[in-house]
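For reference, the structure discussed in these notes is given below.
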Amino acid sequence: MAAPSPEADPIVALHQRSIALYQSNRLAEAEQACFSLLAQDATRFDALVMLGAIATQTGRLPRAEECFRTALRVNDTAAHVHNNLGIVLLELSRPLEAIASFDRAIAGMPELADAHCNRAAALHHLGRFAEAAAGYAAAIARQPRCARAHRGRGATLYQLGRNAAALESYDLAISVEPDAAASHSLRAEVLLELGRLDEALQGCESALQLDPALVSAHLTRAEALRRRGRFAEALAACDGALALQPQSALALTSRGAALFELGRHEEALTQLQRALALDANHAQAYWYTGLCLRRMDRRTEALAAWDRTRALQPASAATLVNRGVVLYELGRIEDALRDYREAMRLAPDNADARWNASWCLLKLGQLTEGWELFESRPPAPGPARQLQQSAWTGAESLAGRTLLVRAEQGLGDTVQFCRYLKHVAELGARVVLEAPAALHGLLSGLAGVAALVGFDDPLPAHDYHCRLMSLPHALGTTLETIPREVPYLKADERKVLQWRRSLGPRAALRVGLVWSAGVRPDQPQLWYSERRNIPFAKLAQLKGLGCELYSLQKGEPAESQLSQAQAGNWEGPQIVDCSAQQRDLSDTAALIENLDLVITVDTAVAHLSGALAKPVWILLCFDACWRWLLDRGDSPWYPSARLYRQTAPGDWDGVLGRVKAHLAQLSAVTARR
């Protein structure tokens, strides 16, 4: 007997109509057709499944769950319905129940690649990345050209830190589905992590050409631009993301990061606070909040931000390092050291943790361990020399050998540590010193140095090399054995005589003055200098002390500050500008020899004065450099030095008040002679 035609069987006709309506995306009409079918038979399986699919598509997830569960009570063996139910449960943030549904689907149909892929997505949601990667691999084994599975596997491998493998997965996803913007964007994230910034930017451009509204691609592009130092372009990329998704905590945080790099800290903080209002557990937003507040000298608040970051990232060594920096600047040296030690425990190779810990140890006078960790300091900026010889560690004999000692960091560092070259020479070495040309005139007669070369000069033959600031470690310097014989530098006698003639007869106490550390050429944005510097206007209180003040400043902004004061209505003391006669530090040394006292902030002149054994008063900010130790008024490095420390951050008035009182006493004694 022939089967009835649809026209003869209204139920069959209604079923076929529901399918046609669903396929035409006429979902409301398809839903009504399903209701009509269920009115005829409340257990009709295909109608229940279609209702579940329609509810899923229209975002009515609880209704979809109800429909699929009802359908499974009719037919519990339907693998595709278990799979659909799992999708809904995952959307409802119930990943464990979703996995159970996917397991039922796979048990009923092991070759159902979609169920393997969905199960892997649920595992990824739970942070079970290794299992998720295996799940995606199972899906790919059953459907090798599944772009979604390749893309998902790439995401899990990225979370596992297997970046090269993740990149390979994204390449496969793109080969299968080249027009999927998400694959290009995710691939760019991996390239960003690998430091391949130009390729990451190209990937973002590809993603945005395919989908200009893809927020993740805008943000990855912003981060790549920020790391490239193209901060204004990074800010524009963030603005593009926020135009698409104004309430994105991630986009607001990225914008805050770009503003921070541009030095617009108040604006950055506003963006970060907006991000945290949207997501109170956004670790990166707290991270940049801490950075901004520190730059704004709001260190107690910065510490609170790092505390929150640490609570969210307890295993992050970098978070502990940043927290330690703030603790150091707050004068909590022991607490900072504890954070750095914990960071070293979590990440033994973290050079920042080791280097910052060395600052604490050196400041506390624990030099043996301090010098050891100080070896983790970064190399000096600029082109690196390719040296074939071994580094000298102090263990190798130097008898009859040539040692190349390489100056590093600032001019003051070279002046401070060049005292060690005499002691190295006494070990039998022929010492060649590589140093900035600006110091050659000053160092030309330094004891123990057989030859001086510049950074651009060809290097002579040598047996070993050593960074200048590694010599204390190599020689085992302790607090008690710091070489403190001064003077170990000597000014050019001819230049000393020239300055003597230029200054004329002595009429009062002669005092050299340095109030600004300036800006180092290799670190033009070294914001720490701002805290070392004394605002020029505060020098007005040194007026009327009966002494002659000579500016030992060289460079900006100090020269402009002095010239503008002299050209205006300066109410402070007369300060003689000697900048034109100071071509290098050898000229400054000769001038210092004609003075009675030098008063200076922490800069190269402080070291130069101490090395010449000239009385020097060194004015230190609250978080002074490690070399001045902790809470001391003297220095084992320079017997002629007297230290004046801020008792609170930014308190130069207190420092200058003490200097004024002591200078008045000294000036009075000099006048009576």
Q) With (1) modelled with pLDDT under 95; (2) assigned to a helix (DSSP H, G or I) as the list, and residue 161 as the residue in question, which single condition is left unmet? A) (2)
Q. Consider residue 605 against the criteria (1) over 28 Å from residue 328 (Cβ atoms); (2) of a type in the set (A, V, I, L, M, F, W, C); (3) part of a helix (DSSP H, G or I): it satisfies all of them except one. Which criterion is unmet?
A. (1)
Q: Just give me the residues in the stretch 246-262 being surrounded by fewer than 16 Cβ atoms within 10 Å (Cβ to Cβ) and touching a residue at least 12 places away in the same chain (Cβ under 8 Å), in sequence order.
A: 247, 262
Q) What is the residue count in the stretch 205-215 for residues that are surrounded by 17 or more Cβ atoms within 10 Å (Cβ to Cβ) and farther than 12 Å from residue 180 by Cα? A) 1
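Can you find even one residue in the stretch 559-582 that is in contact with a Cys (Cβ under 8 Å, 6 or more places away or on another chain), assigned to a loop (DSSP other than H, G, I, E, B) and more than 17 Å from residue 511 (Cβ to Cβ)? Outline the logic, then answer.
In the first step, residues of the stretch 559-582 are kept if they are in contact with a Cys (Cβ under 8 Å, 6 or more places away or on another chain); the result is none.
Taking every residue of the stretch 559-582 in turn, none turns out to be in contact with a Cys (Cβ under 8 Å, 6 or more places away or on another chain), assigned to a loop (DSSP other than H, G, I, E, B) and more than 17 Å from residue 511 (Cβ to Cβ).
Quick check: anything in the stretch 227-248 under 28 Å from residue 353 (Cα atoms), touching a Phe, Trp or Tyr at 6+ places or on another chain (Cβ under 8 Å) and assigned to a helix (DSSP H, G or I)?
The answer is no, given that none of the residues of the stretch 227-248 is under 28 Å from residue 353 (Cα atoms), touching a Phe, Trp or Tyr at 6+ places or on another chain (Cβ under 8 Å) and assigned to a helix (DSSP H, G or I).
Counting only residues that are modelled with pLDDT under 95 and not hydrophobic (A, V, I, L, M, F, W, C), how many does the stretch 300-315 have?
Of all residues in the stretch 300-315, those modelled with pLDDT under 95 come to 313-315.
Now drop any that are not not hydrophobic (A, V, I, L, M, F, W, C), which leaves 313-314.
Counting residues in the stretch 300-315 that are modelled with pLDDT under 95 and not hydrophobic (A, V, I, L, M, F, W, C) gives 2.
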Q: Spot the failing condition for residue 607; the list is (1) surrounded by 16 or more Cβ atoms within 10 Å (Cβ to Cβ); (2) out of contact with any Asp or Glu (no Cβ under 9 Å at 6 or more places or on another chain), and only one is missed.
A: (2)
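Residue check: is residue 431 assigned by TED's automatic domain parsing to the domain that holds residue 606, crowded, with 20+ Cβ neighbours inside 10 Å and at pLDDT 95 or above?
no
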Q.
Go through (1) part of a helix (DSSP H, G or I); (2) of a type in the set (A, V, I, L, M); (3) surrounded by fewer than 16 Cβ atoms within 10 Å (Cβ to Cβ) for residue 648 and report which single condition fails.
A. (1)
Q | Whichever residue in the stretch 306-342 is touching a Lys or Arg at 6+ places or on another chain (Cβ under 9 Å), assigned to a helix (DSSP H, G or I) and hydrophobic (A, V, I, L, M, F, W, C) and, among such residues, is surrounded by the most Cβ atoms within 10 Å (Cβ to Cβ) | A | 320
Q | Filter pass, residue 97 being without any contact (Cβ under 8 Å) to a residue 60 or more places away in the chain and within 28 Å of residue 129 (Cβ to Cβ) | A | yes
Q. What tally of residues in the stretch 367-388 results from selecting those that are surrounded by 15 or more Cβ atoms within 10 Å (Cβ to Cβ) and at pLDDT 90 or above?
A. 8
(Q) So if I check each of 585, 656, which one is modelled with pLDDT of 95 or more and either on the phi < 0 side of the Ramachandran plot or assigned by TED's automatic domain parsing to the domain that holds residue 536 (or both)? (A) 656
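The values are calculated or read from the model by the stated rules, or taken from the named source; none is laboratory data. A quick note: this is a predicted structure, and the numbers were derived from the prediction, not measured. Using ideal geometry, Cβ is built from the backbone for each residue, glycine included, and neighbour counts are taken over all protein chains shown.
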